[in-house]
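The values are calculated or read from the model by the stated rules, or taken from the named source; none is laboratory data. The model shown is predicted, which means the values in this text are computed figures rather than measured ones. Here Cβ is always computed from backbone atoms with ideal geometry, including for glycine, and neighbour counts include all displayed protein chains. Surface accessibility is based on the protein's heavy atoms, side chains included, excluding ligands, DNA and RNA. Shrake-Rupley method; radii C 1.70, N 1.55, O 1.52, S 1.80 Å.
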Amino acid sequence: MADRVTVIGWDGSPPTDAARSALAAATLVAGAAHHLALPEVPPAAERIRLGSVALAARRIAAHRGTAVVLADGDPGFFGVVRTLRAPEFGLEVEVVPAVSSVATAFARAGMPWDDAQVVVAHPRTLRRAVNVCRAHTKVAVLTAPGAGPAELGLLLEGVHRTFVICEELGTEREQVTVVTSDKAADHSWRDPNVVIVIGGPMEAAEGGGWIAGRDPGTGPRGWVQPAHAYGGGLGEGETELLRAAQLARLGPRVGDLVWDIGCGSGAFAVEAARAGAAVIAVDLDGQACARAEGAARRFGVQLQLVHGTAPHVLENLPEPDVVRVGGGGAAVVSAVADRRPQRIVTHAATRDAAELIGRDLTEHGYRVECALLQSVELDTRAWTETERSVAFLLSGVLPDRAP
């Protein structure tokens, strides 16, 4: 095992005294090509071109001597430190940090970033990173080959965003470019790069925020809001109890894409967006789309509105994680099940309709649950009934994609 392992962050500035001292004593140095070309790397040291960090960690663990790992930015922030410290390698590391590439990118853009979401995009996580960009107004994306600005722009089709693309930060070839998301695929971008994705209404907190990233405490308390919060006039499938049950069954979260089909007033769509998910709200009624758009503005969340008739309008939408079907019945539920989301929730007014939907979901391989929900609102001054609603709540979970 290596006698000593030092991880040095590099942001383009001259190495610190601690970094120079560690490099001078190194018998093995691992890093990218531009790191290994630094004049401070000892000529006699063994050099490892850093591709797979896990593979490099195995070689470092087997090395007898002093090892140094060079990494861009702060190696403890979405960096190599986590892998090197994994129990299977048994390495104890010292870290010499540098300014993170995210902090540098926002500095180049002249923007604060305590209110930004930070995500890592590589081919396996690209879709979830894009969903965060759909849902939030300020996101920094640490990219990878095959999951860069062009791919982000292509997957954000239908959603307008501004990209601040920072290429090769800290080097002589550093470049900062501002483009709209629909133009990002028209260019070739150099790795490594950081993309700042901006879009939607941005309100600065008075005196600054108190927590990094998205403030979970904004807006009124409660997972669901009463009808008057949406201007009243909610449809029969939008009662407060039914929305609460649907939200609980779907469990939308950051990184998810939610379809709300037959969005009506937009109440459920807004509440899913408040949970941090990206939401596409669909309705055949243009006035319903307008109401949903107004609700999103009032609650300060992002929705993509699609005006059209399901199931046909669903064909070109990006793949959902979870879906609420608020209208369209069994035919729409069947079309949604063909797209294989993790979870589907809907409701029915009669037992026959519920049985039809349940059979169809079962035939598509979903595990189905059904509950009869009845809610009675009372006037507590006289304890008299003011409103009653009854609905069958159906949910389907795809076992091979759960949770």
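Conditions: (1) free of Cβ contacts under 8 Å to residues at least 40 places away in the same chain; (2) touching a strand residue (DSSP E or B) at 6+ places or on another chain (Cβ under 6 Å); (3) within 24 Å of A227 (Cβ to Cβ). T380 meets all but one. Number of the miss?
Every condition holds for T380 apart from (2).
When you go through L234, L241, L250, L257 one by one, which is the residue that is over 25 Å from the mean Cα position of the chain (by Cα) and farther than 19 Å from D285 by Cα?
Result of the check over L234, L241, L250, L257: L241.
Looking at P226, P216, which one is surrounded by fewer than 22 Cβ atoms within 10 Å (Cβ to Cβ) and either in contact with a helix residue (DSSP H, G or I) (Cβ under 7 Å, 6 or more places away or on another chain) or modelled with pLDDT of 95 or more (or both)?
P226
Quick one: what pairs do we get from the stretch 79-94, first residue in contact (Cβ under 8 Å) with a residue 12 or more places away in the chain, second part of a loop (DSSP other than H, G, I, E, B) and open to solvent by 90 Å² or more (accessible area, probe 1.4 Å), C-beta under 7 Å, 6+ apart or different chains?
Final answer for the pair search is G90/M1; L91/R85; V93/R85.
Limited to the stretch 142-195, what total is found for residues that are among the hydrophobic types (A, V, I, L, M, F, W, C), part of a helix (DSSP H, G or I) and under 19 Å from the mean Cα position of the chain (by Cα)?
Total satisfying the criteria: 4.
Output the number of residues of the stretch 105-118 satisfying the condition of being in contact with a Leu (Cβ under 9 Å, 6 or more places away or on another chain) and open to solvent by 20 Å² or more (accessible area, probe 1.4 Å).
2
In the list P97, P112, P145, which residue meets the criterion of being within 26 Å of W10 (Cβ to Cβ) and touching a strand residue (DSSP E or B) at 6+ places or on another chain (Cβ under 7 Å)?
P97 is the lone residue from the list that is within 26 Å of W10 (Cβ to Cβ) and touching a strand residue (DSSP E or B) at 6+ places or on another chain (Cβ under 7 Å).
Please verify whether the stretch 220-234 includes one or more residues that are closer than 14 Å to E387 by Cβ, small (G, A, S) and assigned to a helix (DSSP H, G or I).
Within the stretch 220-234, one or more residues are closer than 14 Å to E387 by Cβ, small (G, A, S) and assigned to a helix (DSSP H, G or I).
Please work out which residue is farthest from the chain's Cα centre (by Cα), limiting yourself to the stretch 275-300 and to residues that are crowded, with 23+ Cβ neighbours inside 10 Å and in contact (Cβ under 8 Å) with a residue 40 or more places away in the chain.
Ranking the qualifying residues of the stretch 275-300, first place goes to D283.
Please name all residue pairs, on different chains or six or more residues apart, with Cβ atoms under 7 Å, provided the first residue is in the stretch 54-78 and is free of Cβ contacts under 8 Å to residues at least 60 places away in the same chain and within 13 Å of L91 (Cβ to Cβ) and the second residue is part of a loop (DSSP other than H, G, I, E, B) and small (G, A, S).
I60/A2
For the stretch 42-76, enumerate the residues that are part of a loop (DSSP other than H, G, I, E, B) and of a type in the set (D, E, K, R).
R64, D74
Could you identify the single residue in P112, P87 that is assigned to a loop (DSSP other than H, G, I, E, B) and farther than 25 Å from E174 by Cβ?
After applying the criteria, what remains is P87.
Here are some residues: H364, H307. Which one is farther than 26 Å from L156 by Cβ and at pLDDT 95 or above?
Going through H364, H307 in turn, just one is farther than 26 Å from L156 by Cβ and at pLDDT 95 or above: H364.
Of the conditions (1) at pLDDT 95 or above; (2) in contact with a Lys or Arg (Cβ under 8 Å, 6 or more places away or on another chain), S375 satisfies every one except a single condition; which number is it?
(1)
Which residues, taken from the stretch 275-328, are farther than 17 Å from R340 by Cβ, small (G, A, S) and assigned to a loop (DSSP other than H, G, I, E, B)?
Selection gives A275, G276, A277, G300, G308, G326, G327, G328.
Within the stretch 24-58, track down each residue that is surrounded by fewer than 17 Cβ atoms within 10 Å (Cβ to Cβ) and either touching a Cys at 6+ places or on another chain (Cβ under 7 Å) or closer than 26 Å to V120 by Cα (or both).
If the condition is that a residue be surrounded by fewer than 17 Cβ atoms within 10 Å (Cβ to Cβ) and either touching a Cys at 6+ places or on another chain (Cβ under 7 Å) or closer than 26 Å to V120 by Cα (or both), then A32, A33, H34, L36, R49, G51, S52, A54, L55, R58 are the ones that fit.
If you scan the stretch 1-41, which residues turn out to be hydrophobic (A, V, I, L, M, F, W, C), in a loop (DSSP other than H, G, I, E, B) and modelled with pLDDT under 95?
M1, A2, A32, A37, L38
When the stretch 307-335 is examined, which residues are found to be crowded, with 20+ Cβ neighbours inside 10 Å, among the β-branched types (V, I, T) and touching a Gly at 6+ places or on another chain (Cβ under 9 Å)?
Scanning the stretch 307-335 gives V322, V325, V332, V333.
What pairs come out if I take residues in the stretch 258-271 that are farther than 16 Å from A335 by Cβ and pair them with residues that are of a type in the set (V, I, T) and part of a helix (DSSP H, G or I) whose C-beta lies under 8 Å away, six or more apart or interchain?
none
Would you point out which residue out of V282, V258, V254 is in contact with a Cys (Cβ under 8 Å, 6 or more places away or on another chain) and among the aliphatic types (A, V, I, L, M)?
V282
Any residue in the stretch 127-144 that is within 11 Å of A278 (Cα to Cα) sitting within a Cβ distance under 6 Å of a residue that is among the polar types (S, T, N, Q) and open to solvent by 10 Å² or more (accessible area, probe 1.4 Å)? List the pairs, counting only those 6 or more apart or interchain.
V132/Q117; A135/Q302; H136/Q117
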